[in-house]
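A short write-up of the structure that comes next.
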Amino acid sequence: MLYPKMTKSRMVFDLNGVWDFKLLQQGEKGILEQNQIFKDMIPMPVPSSYNDIYEGRKFSDHVGDMLYQRNFVVTSQMLYHRLLLRFGSVTHKAEVWINGTLVGDHKGGFLPFQFDITDIVSEGVNQLTVLVNNIVDNTTLPAGRLEYQRFPGMEEELLNLPNFDFYNYSGIMRPVVLYTAPKNHVDDISVYGKQDGSFFWAVKVKGQGKIDVKLLDQKYKEVFAGEGNEGNGRIDSVCLWDTEHPVLYRLAVTLTGEDGTIDYYEEEFGFREIEIRDCRLYLNGKPIYLKGFGKHEDSPIHGRGFDMVYNVKDVALLKWIGANSFRTSHYPYSDEMLQLCDREGILIIDEVPAVGLHTGFTATGLLGGTPNGTWTTLKTAEHHRQVLRDMIERDKNHPSVIIWSVANEPASEEDGAKEYFEPLVKLAKELDEQKRPVTLVTYKGSNPTTCKVAELCDILIINRYKGWYEIEGNMRGAAALLKEELEGFHMRCPDKPIMLGEYGADAIAGLHDLNGRMFSEEYQVEFLEAYGEVFDSLPYITGEHVWNFADFATAENVKRVNGNKKGVFTRERNPKMAAHFLRQRWK
Ligand code: GCB
C-alpha cells in the first residue's frame, strides 16, 4: 500500500487533531445505526492511545468499544478527484462511518487501511465516526483471553487478559489523512535494486492508463527512463544502500489515464542485497553482525500512539549506542519509522503482531493454560495470513527491512506448530520479490530437541532469559547453559546463522548494589556482559538484540514493577549503566 504523499497530482489533508471521544458500554453502539447524537463526548488527541489521557483504571482498562468522531470539510475542487480516507492504524478493530453510513471495517491494530469515500461524501461538512474495539482473544493478533470475573457481593466484570507482555494500548494510534488521486491512479508500486545496478519494478493501477517510469538519484537527476507496468532496468555506477551510506533512489511513476489525466508518485528504495550463507548474514556481500534491540512503540502519555519526536530520538540513541538494527517487536511499526530507518541506515527485522500464540505460556505468567492445546484452541490462521500479506505489501520496498518475522514466541514445541507455520513461511517467500530471509522468534520451551520449526527458518532467532527467570543471580552458570544450548541449535542446523532476539534483565534506574544483586543496574550490566562473552566465543552467532531498548508499560502483575524495566534506557530515554556498557561493546 502506497504511503499518502503530496505530489503534483495528489493532495493530502490532515485529519489529525482533537476528536470527540466516548467509551461505550455494552450494547451502546446500537445508537450508531440509529444515527443519533452521542452525548458527553470528551476531547481526545488523534493519533494517540486513548488510555493514559484521562485518569482512572476504569477508563484506562476499558474493555470493548469506544467511539471517535469529528467533522471534516470537502471542497468542490476535491470532488474532481477520487477521495481516499486512510488510517495508519486503529487498534484492534475499526468500523468507519460517514454521515451515518457504514463505509467499511478493518481487523488488525498495527497496519494501515483505507476506503474510497468519493461517492459517500458531499460538498461541505461531513461527519466521520470511528467505532474502535480493543478486545484481544483467540481470534485476534496479538492473542488474548476474555473472562468474566465475579467476586462476593459484586457485579460480574469483564476482563480482557492479554497473552503478551505489553499494555494493551488502543484507539486511533497512527495518523489519519484524506487524500486525492485521479480516477485512474497508481494503486501500488514494487521496486528493488541489486548490487550490480539492476532493478525491477511493477506497478498496479486502479483504472486504465499508460505507465512511464524514471529513476532519480539522490540529487533528483534522472538516471534511467522506461515504460510499462512491469520491467527491469540497470544503471551504471550505482551507489549501494548500507548502514554507513544509506543511499536512496526514487522510482518516479507517471500514469497517463485514458482520459488524459496524469497521476504521479515517487517511491523511494535502495540498491542492496541480503543473503544468508555458511551461518552468516551478508549485506551487499559483506558479513553483517546485528547489534541492537527488541523495541516497543511506547512512551509516557502517548502510549503506543504515533510520536515522531520519540522515533527520531530513538534512532539518534541507536546511533549513539552503536546499534545497527532492531526488531519491530511485536507488531509492524509506523510507516514513518520505517522511512526514517531507510534514511538513517538502520536494519529492521519486521514482525507481524503474532504474539501470545501459546495457550500454556506467557513471559509474565498471566495465563497458565492447556499444555499442548495451542494449535487446536487458537483460531488465528486466516487472520495471520492476512496480516502477513498486509505487512509485506506495505513494507516490501523498504531497504531497511531485511528479515520477516512471522511470530514471536509461539508454541513452536507443540504438535501442530509445523503445520501452522509452514504455509505462512511459504506465503512470505511467495509475496516478497526480494526473497528476504524469514524467521520465527522462539522461546525457551522450544529448545534444540523440542523445537518443531527450526528447519522452516532461514535464521534462528531465539529469546533467552537464563540468569533472570531461571538460574537467578548466577550469571556464570547461566552463561554455561546458554552456550550449551546454542551449541545444540548449531548441531541441529549447522548452516543457519543464529542470533539472540531477546536477552535482558530488569533494572530499576538508580538502584545500585555493590554485590550486583538482581534489579540493580549492576546486575543488568553483568547479565549483558556474560551473554556477550558467550556470543564472542561462537563464530556462528550473527547478532545480539537486547531486550529491551527502553522500559515500557505492561499489564499489572507481580513480575512487573510499574511496567517492564528491562530497558537499557528508561521510558523517558535516559541511559542506565547498561547503555554505557553496550556503547563500549558495540562501538
Ligand atoms: C519475552 C517476550 C517479551 C517480554 C519479555 C520479558 O520473552 O517476548 O514480550 O517482554 O520476554 O521481559 O519477559
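Using a 1.4 angstrom probe on heavy atoms only, work out the carbon and sulfur share of the accessible area of region 343-499 in %. Spell out each step's value before the answer.
On the way: 2800 of 5540 Å².
The C+S portion of the solvent-accessible surface of region 343-499 is 51 percent.
So, for the chain, what is the accessible surface per residue at a probe of 1.4 Å, expressed in square angstrom? Working shown, then result.
On the way: 23600 Å² over 587 residues.
Solvent-accessible surface per residue comes out at 40 Å².
Near LYS29, which lysines are there with a Cα under 26 Å away, not counting those fewer than 8 places off in the same chain?
Reachable lysines: LYS39, LYS58, LYS93, LYS107, LYS379.
Can you compute the FRET efficiency between TYR289 and GLU222 using 1/(1 + (r/R0)^6), with r the Cβ-Cβ distance and R0 = 30 Å? Round to the nearest 0.05.
Working: r = 37 Å, r/R0 = 1.24.
Here the calculated transfer efficiency is 0.20.
Please identify the trypsin sites (Lys or Arg not before Pro) of region 464-555 that satisfy two criteria: DSSP loop assignment and at most 15 other Cβ atoms within 10 Å. Which are they? Please report the intermediate quantities before stating the final value.
Values: sites: ARG464, LYS466, ARG476, LYS483, ARG492, ARG517; in loops: ARG464, ARG517.
Passing both the DSSP loop test and the Cβ count: ARG517.
Evaluate the distance, in nm, between pseudo-label points positioned 7 Å from the Cα of ILE508 and of LEU146 along their respective Cα→Cβ axes.
My value for the distance between the label points is 3.8 nm.
Cα atoms only, region 496-539: Rg and Dmax in Å?
Rg, Dmax (Cα atoms, Å): 12.5, 40.
Roll a 1.4 angstrom probe over the protein heavy atoms and tell me the percent of accessible area of region 88-227 that is carbon or sulfur.
Carbon plus sulfur share of accessible area: 49 percent.
Which of LYS183/LYS204; LYS396/LYS496; LYS295/LYS435; LYS194/LYS435; LYS452/LYS496; LYS319/LYS587 have a Cα-Cα distance over 18 Å?
Values: LYS183/LYS204 14 Å; LYS396/LYS496 24 Å; LYS295/LYS435 25 Å; LYS194/LYS435 12 Å; LYS452/LYS496 15 Å; LYS319/LYS587 10 Å.
Pairs exceeding 18 Å: LYS396/LYS496; LYS295/LYS435.
Which value in nm describes the separation of the simple spin-label points at THR449 and VAL561, placed 7 Å from the Cα toward the beta carbon?
3.6 nm
Once you order the gyration tensor axes a ≥ b ≥ c over the Cα atoms, which shape class does region 120-205 get: rounded for a/c under 1.5, otherwise prolate or oblate by comparing a/b with b/c? All intermediate terms of the calculation are to be shown ahead of the outcome.
Working: a/c = 4.34, a/b = 1.71, b/c = 2.54.
Since a/c reaches 1.5 but b/c is at least a/b, the shape of region 120-205 is classed as oblate.
Charges only on Cβ, +1 for Lys and Arg, -1 for Asp and Glu: so what's the dipole of region 377-497 about the Cα centre, in debye to the nearest 20?
Values: 18 positive and 21 negative charges, 43 e Å.
Here the size comes out at about 200 debye.
For the residue pair GLU572 and GLU533, what label-to-label distance in nm results when each label sits 7 Å from Cα along the Cα-to-beta-carbon direction?
3.5 nm
What FRET efficiency comes out for the pair GLU155/GLU393, r = Cβ-Cβ distance, R0 = 45 Å, nearest 0.05? Mind showing how you got there, number by number?
Numbers: r = 45 Å, r/R0 = 1.00.
Taking R0 as 45 Å, the efficiency between GLU155 and GLU393 is 0.50.
Compute the orientation-averaged projected area for region 304-410 from the convex hull of its Cα atoms and round it to one decimal in nm². Please list the in-between numbers first.
Working: hull surface 31.1 nm².
With every direction weighted equally, the projected area is 7.8 nm².
How much length is gained on full extension from ASP196 to GLU382, taking 0.36 nm per residue of separation minus their Cα-Cα distance?
Details: separation 186, 0.36 × 186 = 66.96 nm, distance 3.86 nm.
Once the chain is fully extended between ASP196 and GLU382, it gains 63.1 nm.
By how many nm would the segment from GLU344 to ILE31 lengthen if fully extended, with 0.36 nm per residue of separation less the alpha-carbon distance?
On the way: separation 313, 0.36 × 313 = 112.68 nm, distance 4.76 nm.
Residue separation times 0.36 nm, minus the Cα-Cα distance, leaves 107.9 nm.
Note down the relative contact order for the chain as a percent, whole number, built from C-alpha pairs under 8 angstrom at least six residues apart. Display every interim value, and only then the final one.
Numbers: 1397 pairs, mean separation 71.2, N = 587.
Answer for the chain is 12 percent.
Between TYR54 and VAL247, what length comes free when the chain is fully extended (0.36 nm per residue of separation minus the Cα-Cα distance, one decimal in nm)? Working shown, then result.
Numbers: separation 193, 0.36 × 193 = 69.48 nm, distance 4.35 nm.
Here the answer is 65.1 nm.
Could you tell me what percent of the DSSP beta bridges with both partners in the chain are antiparallel, to the nearest 5? Show your work: numbers first, answer last.
Details: 97 of 129 bridges.
Of those bridges, close to 75 percent are antiparallel.
From the C-alpha gyration tensor of the chain, pull out the three semi-axes of the equivalent ellipsoid (sqrt of 5λ each), sorted largest to smallest, in whole Å.
Details: eigenvalues 288, 213, 89 Å².
With the √(5λ) rule applied to the chain, the semi-axes are 38, 33, 21 Å.
Give me the Kirkwood hydrodynamic radius of region 258-360 in Å, from all C-alpha pairs, to one decimal place?
16.1 Å
The values are calculated or read from the model by the stated rules, or taken from the named source; none is laboratory data. Keep in mind the model is a prediction, meaning the values are calculated, not measured. Neighbour counts run over all protein chains shown; Cβ positions are idealised from the backbone, glycine included. Side chains included, ligands, DNA and RNA excluded: accessible areas come from the protein's heavy atoms. Shrake-Rupley method; radii C 1.70, N 1.55, O 1.52, S 1.80 Å.
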